[in-house]
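The values are calculated or read from the model by the stated rules, or taken from the named source; none is laboratory data. This is a predicted model, so every value here is computed, not measured. With ideal geometry, Cβ positions are generated from the backbone for all residues, glycine too; neighbour counts draw on all protein chains shown. Accessible surface is based on the protein model in full, side chains and every heavy atom, while ligands, DNA and RNA are left aside. Shrake-Rupley method; radii C 1.70, N 1.55, O 1.52, S 1.80 Å.
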Amino acid sequence: MFITFEGIEGTGKTTQIKKLTAFLEEIGHIVEVTLEPGGSRIGKELRKILLNMDSTDITGQCELFLYLADRAQHVGQVIKPAVDAGKIIISDRFADSTIVYQGYGRGLDPKLLRELNDVAVSGNWPDLTILLDIEPEIGLKRAMTRNLQENKMQAEGRFEAESLEFHTRVREGYLTWAALNNDRIVVVNADQTPDEIFEEIKAKVVERIKGDYVTNG
Ligand code: TYD
């Protein structure tokens with residue numbers, strides 16, 4: 001089974017992925033956690049280019065194809081093998097990030113991005129996507145504090161440095177995209193305590209795992 005987490009910066013994806021992993025392992029699943037960009041060896045190189053503050057001269061098209069290249073490698077080398085081995089693989093961001101950041105955020109056509117993603121994922125869309133939703137003002141403040149604490153501003157701060165307007169477009173894009181894909185994407189309010197957020201996520205994941213057993217025996 002393949003689960004992805006999405007949301008703007010500072011929604012607490014990392015914390016929730018840790019909680020979910022611990023829970024799933026406790027009930028007997030083998031879990032693998034990964035991320036985009038940078039989930040494969042080649043992807044780690046692409047991540048450096050994509051998130052560095054010095055990449056200000058990157059064109060929108062180049063950025064798009066680097067994300068797609070990262071994804072194609074990630075799916076082929078990491079995600080598909082894990083699913084085939086019967087594991088639960090959880091990715092911090094995946095194809096929806098491209099549709100929302102490059103599409104709703106940067107103005108590329110979401111429908112075209114969906115088609116390009118189809119090429120990159122070659123049939124491996126997630127079984128379930130958790131969208132953590134929060135006001136951009138709150139999320140960005142959290143992300144900035146974290147980057148400053150971890151000294152990551154120069155190496156990985158390119159997106160956090162975008163305007164509030166950009167992040168507002170991204171947040172609204174996520175909600176629009178989730179409504180169009182409500183069979184796969186579940187929206188969870190991330191402006192609650194970590195435990196409250198996790199209870200909602202847990203219920204959705206358990207429901208999906210049960211559904212999977214009914215369908216696949
Ligand atoms: P990361 O440091 O992983 O941030 P976060 O903690 O918010 O997940 O940075 C990933 C950044 O890359 C994030 O700002 C979103 C952006 N991104 C895209 O624009 N398109 C994509 O396809 C992906 C996967 C990420």
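Using a 1.4 Å probe on the protein chains only, how many percent of the accessible area of the stretch 160-217 belongs to carbon and sulfur? Mind dumping the intermediate values first?
Details: 1760 of 3430 Å².
C and S fraction of accessible area: 51 percent.
Give me the accessible area per residue for the stretch 50-182, probe 1.4 Å, as a whole number in Å². Don't jump to the answer; show the numbers that get you there.
Working: 6130 Å² over 133 residues.
Solvent-accessible surface per residue comes out at 46 Å².
Taking the alpha-carbon distance from K48 and a cut-off under 18 Å, which lysines remain once sequence neighbours fewer than 8 residues away in the same chain are dropped?
Straight-line reach from K48, under 18 Å: K152.
Would you rank L108, L164, L64 by solvent-accessible area, highest first, keeping every protein chain in place and using a 1.4 Å probe? Could you put the intermediate results ahead of the total?
Values: L108 50, L164 75, L64 10 Å².
Per-residue accessible area, sorted high to low, gives L164, L108, L64.
Just reorder E196, E165 by solvent-accessible area, largest first, 1.4 Å probe, all chains present. Kindly include the intermediate steps, with their values, before the conclusion.
Values: E196 90, E165 125 Å².
Accessible-area ranking of E196, E165, largest first: E165, E196.
Percent of accessible area on the stretch 1-89 owned by carbon and sulfur, 1.4 Å probe?
On the way: 2320 of 4040 Å².
Carbon with sulfur: 57 percent of the solvent-accessible area.
Residue separation times 0.36 nm, minus the C-alpha to C-alpha distance between R184 and I138: what's the value?
Values: separation 46, 0.36 × 46 = 16.56 nm, distance 2.60 nm.
Working it through step by step, the gained length comes to 14.0 nm.
Suppose only helical runs count, i.e. DSSP H with n ≥ 4. What mean residue ellipticity at 222 nm does that imply for the chain under -39500 (n - 2.57) per run, divided by all residues and rounded to the nearest 500 deg cm²/dmol? List each step's numbers first, then the result.
On the way: 9 runs with 115 residues, N = 217.
Calculated mean residue ellipticity at 222 nm is -16500 deg cm²/dmol.
Which angle between 0 and 90 degrees, to the nearest 10, do you get for helix 110-121 versus the longest principal axis of the chain when only C-alpha atoms count?
Around 60 degrees separate the two axes.
Convert each backbone phi in the stretch 167-178 into a coupling constant with the Karplus relation 6.51 cos²θ - 1.76 cosθ + 1.60 (shift: θ = phi - 60°), then list the ³J(HN,Hα) values in order as whole Hz, x for Gly and Pro.
Residue by residue, the stretch 167-178 yields 5, 5, 4, 5, 4, 5, x, 4, 5, 5, 5, 5 Hz.
Can you give the charge dipole size of the chain about its Cα centre, rounded to the nearest 20 debye, using +1 on the beta carbon of Lys and Arg and -1 on the beta carbon of Asp and Glu? Spell out each step's value before the answer.
Details: 26 positive and 35 negative charges, 84 e Å.
So the magnitude is around 400 debye.
Taking amide H positions as placed 1.01 Å from N in the peptide plane, with prolines and chain starts having none, which residues 5 or more places from V33, or on another chain, fall under 5 Å of its amide H?
Distant-sequence amide H within range of V33: I90.
Just to make sure I understand: if all protein chains stay in place, what is the order of D212, D57 by accessible area at 1.4 Å, largest first?
Numbers: D212 55, D57 130 Å².
In descending accessible area the options line up as D57, D212.
Take the eigenvalues of the Cα gyration tensor for the chain, scale each by 5, and report the square roots as semi-axes in whole Å, largest first. Walk me through the numbers on the way to the answer.
Details: eigenvalues 134, 83, 58 Å².
So the three semi-axes of the chain are 26, 20, 17 Å.
Past the 26 Å Cα-Cα mark, which pairs from K111/K210; K80/K111; K141/K204; K87/K204?
Details: K111/K210 31 Å; K80/K111 24 Å; K141/K204 28 Å; K87/K204 18 Å.
Cα-Cα > 26 Å for K111/K210; K141/K204; rest within.
Angle between the Cα long axis of helix 13-26 and the longest principal axis of the chain, 0 to 90 degrees, nearest 10?
20 degrees
Angle between the Cα long axis of helix 136-149 and the longest principal axis of the chain, 0 to 90 degrees, nearest 10?
80 degrees
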